[in-house]
Structure formats: C-alpha cells, structure tokens
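Okay, so here's the structure we're looking at.
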Amino acid sequence: MAHAPQDPLTAALPMPMAKPRFEPGFLTPYAFIIPALLVMLGGLLYPVFMALYLSFYDWQIGLPLEDADFIGMTNFARMFTDPQVWEVLWVTLRFGFWTITIEMTLGVALALLLEKPIRGASVFRTIFILPLMVSPVVVGLIWRYLFDARIGWINYYLGAWFGIDPQVWLGDAQLAFFAIVLTDIWQWTPFIFIIVIAGLQALPSEVVEASTIDGANWWQQIFLVKLPMIKSILVIALLMRLIDVFRGMEVMLIMTGGGPGRSTELLSLHIYNRAFNTQQLGYASAISVLLIVIVFAISTAILTMANPMKNKSDV
Amino acid sequence: MTGVVLRNVSKSYGAATVIPNLSLSITEGEFVVFVGPSGCGKSTTLRMIAGLEKVSGGNIEIAGKDVTWARPKERDIAMVFQSYALYPHMNVGDNMSFALRLAGTPKDEIARRVQVAADMLELTPYLTRKPRDLSGGQRQRVAMGRSIVRDAYCFLFDEPLSNLDAKLRSSMRTELALLHKKLDRTMVYVTHDQIEAMTMADRIVIMKDGLIQQVGSPKQVYNTPVNTFVATFMGSPSMTLLPGELTDEGGTIKVRGAGFNLPLPDRLRARAAASPTRAITLGMRPEHFAAEARTPDFAAVDLTVRVAEYVGSSQYLAADLGGQAITAAVEVGPESDLLGDGRYYFDTSRLYLFDRKTELAL
Ligand SMILES: Nc1ncnc2c1ncn2[C@@H]1O[C@H](COP(=O)(O)OP(=O)(O)OP(=O)(O)O)[C@@H](O)[C@H]1O
Ligand SMILES: [Mg+2]
C-alpha cells in the first residue's frame with residue numbers, strides 16, 4: 001500500500017541520455033502546447049506575480065499604482081508577528097480538519113452504501129448531488145436564514161421537537177464555527193460522494209469478485225481491496241478539498257462575515273477584509289503570498305507521498 | 001456423492017433464459033472442460049458453481065454439501081478469471097497470499113505455500129513486483145498461483161489462457177495438466193478453444209445455447225460425436241459436412257453424393273440399414289484424407305484444389321469435391337511442393353453419418 005517516497009519530478013521524467021537531444025521535428029509537440037501555456041501564464045501566473053509584487057508595497061485601493069511606496073519586507077515582517085494572522089490561520093486549520101475529515105468519511109461511506117444497484121439508489125444519488133449545483137453565495141444565504149435566531153427553521157424545529165431553547169447560532173463563537181462547518185459539510189460531502197462512487201463503479205468487477213472468492217468479508221473487501229484501488233481518486237479529492245478550504249470564503253462572508261470576533265474568519269476571508277475593508281492592499285497581498293505558499297506546500301507533500309498520477313489502476 | 005454436482009440448474013436474466021436446464025456430475029479429482037461458442041453460457045455456469053451468480057432453479061453440490069445458496073467463501077473453491085483480476089495495489093507475493101492471510105493461516109505456513117507455488121510457476125524473482133510491472137504471461141501465472149496456494153477442493157478456470165500468445169498458451173496448457181496431476185483436485189475449466197479442451201480434459205462438456213450437447217472423453221467426442229454441431233466443433237481444421245444419400249448397390253449400402261460414392265465401414269453398416277431416412281449428411285475430417293491409398297479402406301476422390309496451405313509436414317487444402325467446398329489435411333512431408341488438383345484418397349473407415357434432418361449421428 002505505502003509507496004516509497006519518491007521525487008515526483010525524477011520519477012516522471014526518465015531522461016533518455018543516449019538519444020540525440022534534438023531530433024527533427026522535436027518542436028512539433030511544443031507547438032501544440034504553447035497556446036495552452038500562454039493562457040495559463042496569463043490567467044494563472046500574472047495574478048500570482050502581481051500579488052508577489054504588491055506584497056512589497058504599501059498601496060491603498062483607489063490610489064494609482066505609481067503612488068504606492070516600496071517598503072521591502074515590511075509587510076512580511078508584520079505578518080509573522082500579527083496575532084490576527086495567526087488567529088485566522090488557526091481557524092482555517094480547525095475548519096479544514098473538521099470539514100475534510102467528516103466530508104471524506106461521510107462521502108466515502110455513502111458512496112459505498114449506494115454503490116450497489118438497489119432500488120431507489122439512483123434517485124437518491126441525484127437528490128444527493130443537488131447541493132453541488134448551488135452557488136456558494138446562495139448556500140450562504142440559505143444557511144444564514146436556516147440558522148437565524150428569530151426566524152430560522154433550525155431553532156424552530158429544535159424547539160418544536162426537542163424543546164431546546166432558541167440559540168443565537170451565528171452570534172456565538174463556538175456555535176457559529178459549528179454552523180459554518182455544518183454548511184460546508186452539506187455542500188461538499190456530495191462532491192466526495194460523487195467522485196468516489198464514480199471510482200467505485202469503474203473498478204473492474206472481476207477483481208472485486210476475486211476478493212469474494214478469496215474469502216474477504218464486506219469490511220475486508222472495502223478496506224483491503226476497494227479503497228486501496230481507488231487511492232489515487234481519494235488523494236485527488238482530498239487535495240481539491242484542501243485547496244478549497246484555503247480558497248473558499250463566500251459562505252462565511254455571507255453567513256457571519258467572519259464573526260463573531262474572528263471565530264469564523266478563514267484566511268482567504270481575512271485577506272479580503274484586509275484588502276477591501278481596511279484597504280491595505282499591499283499587506284493583503286503579502287498574506288495571500290503566505291496562502292499560496294501553504295497551499296503549494298500541502299499539495300506537494302500530498303502528491304509526493306501518494307503520487308496519484310503514477311498509481312493508475314491498470315491490470 | 002462427492003465432486004461437483006449440478007442438478008437441473010437453470011439461469012435467467014429477466015425474460016432471457018441463458019441456461020434452461022443443466023445437469024452434470026463431476027467426480028472428485030476430475031479435469032472437466034466446458035467448451036462451446038461465445039455466449040453459450042459457459043461462464044455463467046462456472047460463475048454459478050463459484051457462487052458469483054445466483055441460480056434461478058435447481059441445486060449445486062460441492063463435496064457432498066448442498067451449496068446452492070452458500071456464499072463463495074463457503075464453497076472451498078478457487079477461481080482464475082479471464083482478466084486475471086489481480087489486485088493492482090498488492091505485489092505478487094501479497095496477491096498470492098491474500099486468501100491465506102484472510103483465513104488467518106500462520107505466517108510461516110503462508111510463506112512456505114507461496115514459495116512452493118512461486119517455484120512451481122517460476123515466479124520467485126517477481127514476488128515483490130506489482131502486477132502492472134509484469135508481462136501478460138507472468139500475470140496469468142500469478143492468477144494461477146493465487147488459486148493454487150489455496151489448496152481448495154475445486155478449481156475453476158474461466159478462459160485463463162485466452163490472452164496469451166500461441167506459444168505461451170501451449171506451454172501453459174502442459175503446465176496446467178501437470179498441475180492437475182500434482183494437486184489431484186477437481187478442476188472445471190472453461191474455454192472456447194477446442195484444442196485446449198482436447199489436450200487437457202478428462203471429460204469435455206460441449207455446450208450450445210445453454211444446452212449440453214455431449215459429455216465425454218476427448219476420444220469419445222472426437223470419434224463418436226452425437227451430432228453435427230459437436231462433430232464440426234471438435235477437431236481442427238473442422239470436419240466437412242456434405243449432403244448425401246444412402247444407396248443399396250447389390251446388397252452393400254453405400255453413401256453417394258456429388259463427387260463421391262463411398263462404401264460404409266462395418267461400425268456404420270447396421271445403423272445405416274436401420275436408418276429411417278436415406279437423406280443423410282456425410283462427415284469427413286480433413287486429417288483422414290491422404291495422397292495415396294494406405295489401406296484397402298481408402299477410396300479415391302477427385303479434388304479441385306483452390307488453395308493449398310503449407311503447414312510443415314502437412315498441407316491444408318481448400319478444395320472442391322463435386323462442386324462443394326471441403327477441407328483436407330494431407331500429409332506429404334515437409335519437402336513437398338504445394339499440392340494441386342488430382343486424385344486423393346479418403347479413409348472410409350473414418351467417415352461419419354448424420355441424419356440430415358435431426359442432425360443426430362446415425
Ligand atoms: N447480466 C446479464 N443480463 C442478461 N444477459 C446476460 C447477462 N450476463 C450474461 N448474459 C447472457 O448470457 C449468455 C451466456 O453468457 P456467458 O458469459 O455465460 O457466455 P460464455 O459462454 O462464457 O461466452 P464467452 O465464450 O464469450 O465468454 C450470453 O448470451 C449473454 O448475453
Ligand atoms: Mg465467458
């Protein structure tokens with residue numbers, strides 16, 4: 001199961017040293033790649049470099065860029081000693097831990113349960129992926145009203161069914177954190193579910209049957225055969241969710257605005273607040289550079305350990 | 001009764017009946033081969049024995065126990081799949097030991113059995129490799145190894161050699177026959193290749209459209225096929241079938257048709273006389289043609305050769321006999337030039353007769 005940690009770059013590129021370096025026509029493949037490369041450079045790298053560039057400046061929104069002051073590493077120095085940054089980083093990590101753990105577990109479990117062609121499974125599958133189609137802004141609105149202390153359904157039914165007193169969900173640090181975690185789970189568990197079920201259904205049936213014949217029970221089949229065989233899919237799902245945790249902010253922006261205090265303020269929302277509420281664009285850029293570094297480090301670590309590209313399930 | 005017994009087993013998918021009614025008893029230690037054209041229900045039958053497919057009717061016994069509704073793991077069977085079905089995330093050794101590990105076999109016992117199987121299949125150098133780093137033939141042997149470490153009561157094989165090249169296939173055939181001798185276990189083997197069936201089987205089961213056509217030793221199904229289907233299915237190249245009439249020439253019954261008028265061998269004379277119909281189908285196996293009359297039983301036939309194929313010491317002829325296409329395999333030695341039109345001889349002691357309407361052997 002465990003792969004020896006391997007440098008993905010050297011593993012992916014066996015250098016054919018013996019061959020002549022430039023064969024006739026060696027440019028042809030590049031000709032096909034260049035248009036896509038240009039789009040990627042423009043669309044992806046420009047904003048990243050712009051963020052990097054701005055992070056060395058003190059620049060307020062509304063002022064022309066020429067008027068920005070170059071202040072070197074000041075923004076970065078400030079960031080590392082800024083308790084607010086550490087606080088939102090901690091919120092982000094806690095949020096990521098709970099949402100991803102629960103979403104992965106729940107999504108995989110549901111996929112395993114609904115994988116079989118039992119009656120009604122396909123209807124349930126369709127209903128279940130609906131949250132994925134709702135825009136995050138709308139998700140934020142829906143759940144803000146569901147959690148509303150006065151008119152929300154949640155308080156109403158908690159009272160009507162369980163006799164629980166109304167809670168000020170979005171006004172209490174812990175309850176608000178719980179609320180955004182729950183909302184994220186509601187929206188993103190279907191994502192895990194849908195790609196895991198696709199992976200399970202693509203498994204060669206004879207391999208699964210072989211494990212039945214070898215005497216594997218239901219649990220052993222899941223943990224020793226099925227899940228290891230879709231490991232690369234699980235890794236990619238995990239990766240996409242992790243990146244999303246550092247990226248997504250719309251739901252919190254609408255539900256809580258990051259509050260109360262900074263109890264639901266994720267890193268990306270904090271950057272947004274810095275940039276557009278306190279108008280410190282340079283400083284916000286410096287924090288977003290931190291975000292990029294974190295996401296890049298996590299992705300590289302996961303890809304190096306699991307190497308999903310190499311682990312394609314042939315045979 | 002030990003062995004594997006199928007009693008009135010049937011299988012339908014909704015309205016489609018794949019196996020109408022199948023009964024067969026396989027004795028313990030026997031090597032039985034199911035053979036038949038694609039889609040005739042061989043895999044379905046095998047999968048019902050394995051418990052991967054529920055029966056629609058009838059029952060199945062393995063080693064004297066009714067296992068009709070038992071799960072696969074309760075049947076003491078091992079199976080080799082057509083696609084090998086190796087676990088891609090496990091190395092060769094782990095693939096082979098998976099069942100034993102699940103069964104809680106002691107570690108040293110597992111290691112010993114894997115080693116024995118790996119030695120037998122020449123897989124020892126590959127034990128730590130993943131399946132994707134093996135060739136097709138090696139994967140095939142791993143699949144085989146995974147089943148033989150089990151020491152199951154019954155081994156099921158679903159076209160395990162179909163993905164191999166001709167040479168590997170023939171060596172694996174020998175390997176399997178040896179394996180059967182060594183393990184002395186009941187083996188049920190599915191193939192659509194009649195050569196595999198002939199070379200390996202103790203008994204062959206020939207199926208068509210979910211129905212058993214004939215069950216018998218290779219010798220029996222080759223020499224006394226019950227109908228034209230079996231006659232043409234078994235043997236390579238295939239038997240030629242020609243329409244003919246039974247005629248009575250001065251007290252001796254002969255079979256006559258376009259381009260031939262052949263005397264009957266002793267074994268068929270009485271049956272031909274008792275036949276309710278004169279309209280028959282004559283069966284001639286290609287290998288019973290010759291360039292010269294070797295015994296008094298050989299009768300002359302004039303062939304127009306359309307194509308002669310050199311296959312070493314024989315040549316396959318696609319020829320015309322009285323305007324009808326036939327195949328002949330003539331042994332003329334490897335030095336011979338390609339054969340042409342002319343007089344050839346057919347061994348009449350080897351001819352086959354079938355009722356033209358019912359297609360059953362006389
Ligand atoms: N799930 C299914 N639903 C409906 N029909 C099926 C199903 N599975 C198999 N069949 C039908 O059952 C028949 C027998 O299939 P089976 O796989 O046993 O054939 P086979 O003899 O093994 O053929 P092959 O040599 O091609 O493997 C086929 O006509 C097939 O179309
Ligand atoms: Mg089949």
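The values are calculated or read from the model by the stated rules, or taken from the named source; none is laboratory data. Predicted model only: the values in this text are computed from it and were never measured. Methodologically, a virtual Cβ is constructed for each residue, glycine included, from the backbone with ideal geometry; neighbour enumeration extends over all protein chains shown. Note: accessible area is taken over every heavy atom of the protein model, side chains too, but ligands, DNA and RNA are not part of it. Shrake-Rupley method; radii C 1.70, N 1.55, O 1.52, S 1.80 Å.
In debye, nearest 20, what is the charge dipole magnitude of region B:240-355 about its Cα centre with +1 on Lys and Arg Cβ and -1 on Asp and Glu Cβ, if you could check? Please report the intermediate quantities before stating the final value.
Numbers: 11 positive and 16 negative charges, 99 e Å.
In debye, rounded to 20, region B:240-355 gives about 480.
Under the √(5λ) rule applied to the eigenvalues of the Cα gyration tensor, what semi-axes describe the equivalent ellipsoid of region B:236-291? Give them in Å, descending.
So the equivalent ellipsoid measures 21, 12, 11 Å along its semi-axes.
Please report the spacing between the Cα centers of region B:137-154 and region B:194-235 in Å, no decimals.
Taking the Cα centre of each part, region B:137-154 and region B:194-235 sit 26 Å apart.
So what does the Cα-only Debye profile of region B:240-355 read at q = 0.18, 0.24 Å⁻¹, as log10 I(q)/I(0), no solvent term?
Those come out to -0.87, -1.38, one per q.
Rounded to the nearest 0.05, what FRET efficiency do B:N261 and B:S217 give with R0 = 35 Å and r taken as the Cβ-Cβ distance? Could you check?
Details: r = 33 Å, r/R0 = 0.95.
My answer for the efficiency is 0.55.
Find the percent of Cα-Cα distances in the protein assembly as shown that exceed 47 Å, and round it to a whole number.
Numbers: 104033 of 228826 pairs.
Summing the P(r) of the protein assembly as shown above 47 Å gives 45 percent of all pairs.
Direction-averaged shadow area of the convex hull around the Cα atoms of region A:118-258, nm²? Don't skip to the end; give the middle numbers.
Numbers: hull surface 44.8 nm².
Spelled out: convex hull of the Cα atoms, projected over all directions, averaged, 11.2 nm².
Expressed as a whole percentage, what fraction of the accessible surface of region B:57-215 belongs to carbon and sulfur atoms when a 1.4 Å probe is rolled over the protein heavy atoms?
Taking all protein chains in place, region B:57-215 shows 48 percent carbon and sulfur surface.
With every protein chain present, what is the per residue accessible area of chain B (1.4 Å probe, Å²)? It would help to have the intermediate numbers written out before the result.
Details: 15610 Å² over 362 residues.
Normalised by residue count, the accessible surface of chain B is 43 Å².
What list of ³J(HN,Hα) values in whole Hz, one per residue of region A:270-280 in order, does the Karplus curve 6.51 cos²θ - 1.76 cosθ + 1.60 (θ = phi - 60°) give from phi, with Gly and Pro shown as x?
Per residue, the Karplus-derived 3J(HN,Hα) values read 4, 4, 4, 4, 4, 6, 10, 9, 8, 6, 9 Hz.
Could you report chain A's accessible area per residue, 1.4 Å probe, as an integer in Å²? Please report the intermediate quantities before stating the final value.
Numbers: 17820 Å² over 315 residues.
Spelled out: the 1.4 Å probe surface of chain A, per residue, equals 57 Å².
Would you mind counting up the charge near B:L317? Only other residues with Cβ under 14 Å from its Cβ, with Lys and Arg at +1 and Asp and Glu at -1. Walk me through the numbers before you get to the answer.
Values: positive: B:R285, B:R306, B:R343; negative: B:E287, B:D302, B:E309, B:D320, B:E331, B:D337, B:D341.
Neighbourhood net charge equals -4.
Rank B:R271, B:R185, B:R150 by mean-square fluctuation in a GNM of chain B with C-alpha springs under 10 angstrom and give only the top-ranked residue.
B:R271
Report ³J(HN,Hα) in whole Hz for each residue of region B:244-253, in order, from the Karplus equation J = 6.51 cos²θ - 1.76 cosθ + 1.60 where θ = phi - 60°; Gly and Pro get x.
Computed from phi, the couplings for region B:244-253 are x, 10, 7, 10, 10, 10, x, x, 9, 7 Hz.
Taking the Cβ of B:N163 as the center, what net charge do the other residues with Cβ under 10 Å away carry, scoring Lys and Arg +1 and Asp and Glu -1? Intermediate results must be reported in sequence, preceding the final value.
Numbers: positive: B:R139, B:R169; negative: B:E159, B:D165.
That sum, taken over residues with Cβ under 10 Å, equals 0.
Suppose R0 equals 35 Å. What FRET efficiency, 1/(1 + (r/R0)^6) with r the Cβ-Cβ distance, do A:L44 and A:R94 give to the nearest 0.05? Write down the numbers at each step before the final one.
Working: r = 29 Å, r/R0 = 0.83.
That gives a FRET efficiency of 0.75.
Which length gain, in nm to one decimal place, applies between B:T2 and B:N163 when the Cα-Cα distance is subtracted from 0.36 nm times their residue separation? Working shown, then result.
Numbers: separation 161, 0.36 × 161 = 57.96 nm, distance 3.30 nm.
Extra length available between B:T2 and B:N163 comes to 54.7 nm.
Treating the beta-carbon of each Lys and Arg as +1 and of each Asp and Glu as -1, no other charges, what is the dipole magnitude of region B:4-233 about its Cα centre, to the nearest 20 debye? Mind dumping the intermediate values first?
Numbers: 29 positive and 23 negative charges, 69 e Å.
So the magnitude is around 320 debye.
Can you tell which of A:V134, A:Q201, A:M229 lies farthest toward the positive end of the dipole of region A:59-306, using +1 and -1 charges on the Cβ of basic and acidic side chains (Lys, Arg; Asp, Glu)?
Among A:V134, A:Q201, A:M229, the one farthest towards the positive end of the dipole of region A:59-306 is A:Q201.
In the Gaussian network model of chain B, springs joining C-alpha atoms below 10 Å, which of B:T348, B:T295, B:T304 carries the largest mean-square fluctuation?
Highest fluctuation of the listed residues: B:T295.
If we sort A:31-43, A:226-238 on the protection proxy, mean other Cβ atoms within 10 Å, highest first, what's the order?
Details: A:31-43: 9.8, A:226-238: 20.0.
In descending order of packing, they fall as A:226-238, A:31-43.
Run the Debye formula on the Cα coordinates of chain A, all scatterers equal and no solvent, and tell me log10 I(q)/I(0) at q = 0.08 1/Å.
At q = 0.08 Å⁻¹ the computed log10 ratios are -0.52.
Hey, got the average number of other protein chain Cβ atoms within 10 angstrom for residues in B:74-81? Could you put the intermediate results ahead of the total?
Working: counts 1, 1, 0, 1, 3, 6, 2, 7.
For peptide B:74-81, the averaged partner shielding equals 3.
In nm, to one decimal, how far is the modelled label at A:L65 from the one at B:K181, with both set 7 Å along Cα→Cβ?
A separation of 8.4 nm, rounded to one decimal place.
For region A:59-306, calculate the relative contact order in percent as a whole number, restricting contacts to Cα pairs under 8 Å that are 6 or more residues apart.
On the way: 268 pairs, mean separation 73.9, N = 248.
Worked out over region A:59-306, it gives 30 percent.
To the nearest 10 square angstrom, how much accessible area does B:K254 have with a 1.4 angstrom probe?
The accessible area comes out at roughly 50 Å².
Once phi is turned into ³J(HN,Hα) by the Karplus curve 6.51 cos²θ - 1.76 cosθ + 1.60 with θ = phi - 60°, what whole-Hz value does each residue of region A:117-134 show in order, with x for glycine and proline?
x, 7, 4, x, 4, 6, 5, 4, 4, 5, 4, 5, 8, 4, x, 5, 8, 8
At a probe radius of 1.4 Å, what is the per-residue accessible area of A:S122, in Å² to the nearest 10?
70 Å²
Taking every Cα atom in region B:162-214, find the radius of gyration and the maximum pairwise distance Dmax, and write them in Å.
For region B:162-214, the Cα-based Rg and Dmax read 12.1, 34 Å.
Using helices alone, what [θ] at 222 nm do you get for the protein assembly as shown, with -39,500 (n - 2.57) per DSSP H run of 4 or more residues, divided over all residues and rounded to the nearest 500?
-13000 deg cm²/dmol
May I ask for the accessible area buried between chains A and B, both sides summed, probe 1.4 Å, to the nearest 100 Å²?
Working: alone 18940 and 16660 Å², together 33440 Å².
For A against B, buried area totals roughly 2200 Å².
Tell me, what % of the accessible area of region A:59-306 is carbon and sulfur with a 1.4 angstrom probe? Walk me through the numbers on the way to the answer.
Numbers: 8640 of 12220 Å².
In region A:59-306, the share of accessible area belonging to carbon and sulfur is 71 percent.
Leaving out same-chain residues fewer than 8 places away, which lysines sit with a Cα under 29 Å from that of A:K226?
A:K116, A:K310, A:K312, B:K11, B:K42, B:K54, B:K73, B:K107, B:K130
Using a 1.4 Å probe on protein heavy atoms, which residues of region A:187-223 have at least 30 Å² less accessible area in the complex than alone?
With the partner chains in place, region A:187-223 has these residues losing at least 30 Å²: A:E206, A:V207, A:E209, A:A210, A:T212, A:I213, A:D214, A:G215.
Express in nm, to one decimal, how much length is gained between B:A111 and B:W69 on full extension, taking 0.36 nm for each residue of separation and deducting their alpha carbon distance. Spell out each step's value before the answer.
Numbers: separation 42, 0.36 × 42 = 15.12 nm, distance 3.32 nm.
Residue separation times 0.36 nm, minus the Cα-Cα distance, leaves 11.8 nm.
Could you check how much of the accessible area of region B:240-355 is carbon and sulfur, as a whole percent, using a 1.4 Å probe? Provide the component values of the computation, followed by the final result.
Details: 2640 of 5470 Å².
That share works out to 48 percent.
Order the peptides B:126-132, A:184-190 from the highest to the lowest mean number of other Cβ atoms within 10 Å of their residues.
Details: B:126-132: 17.1, A:184-190: 22.0.
Going by the mean number of other Cβ atoms within 10 Å, highest first, we get A:184-190, B:126-132.
About the Cα centre of region A:59-306, how large is the charge dipole given +1 on each Lys and Arg Cβ and -1 on each Asp and Glu Cβ? Please answer in debye to the nearest 20.
Details: 13 positive and 17 negative charges, 83 e Å.
Dipole size: approximately 400 debye.
Cα convex hull of chain B: mean projected area in nm², to one decimal? Could you put the intermediate results ahead of the total?
Numbers: hull surface 88.2 nm².
Projected over every direction and averaged, the Cα hull of chain B covers 22.1 nm².
Towards the positive end of the charge dipole of chain A, with charges on Cβ (+1 Lys, Arg; -1 Asp, Glu), say which of A:A31, A:G171, A:G248 has the farthest Cα.
So the residue furthest toward the plus end is A:A31.
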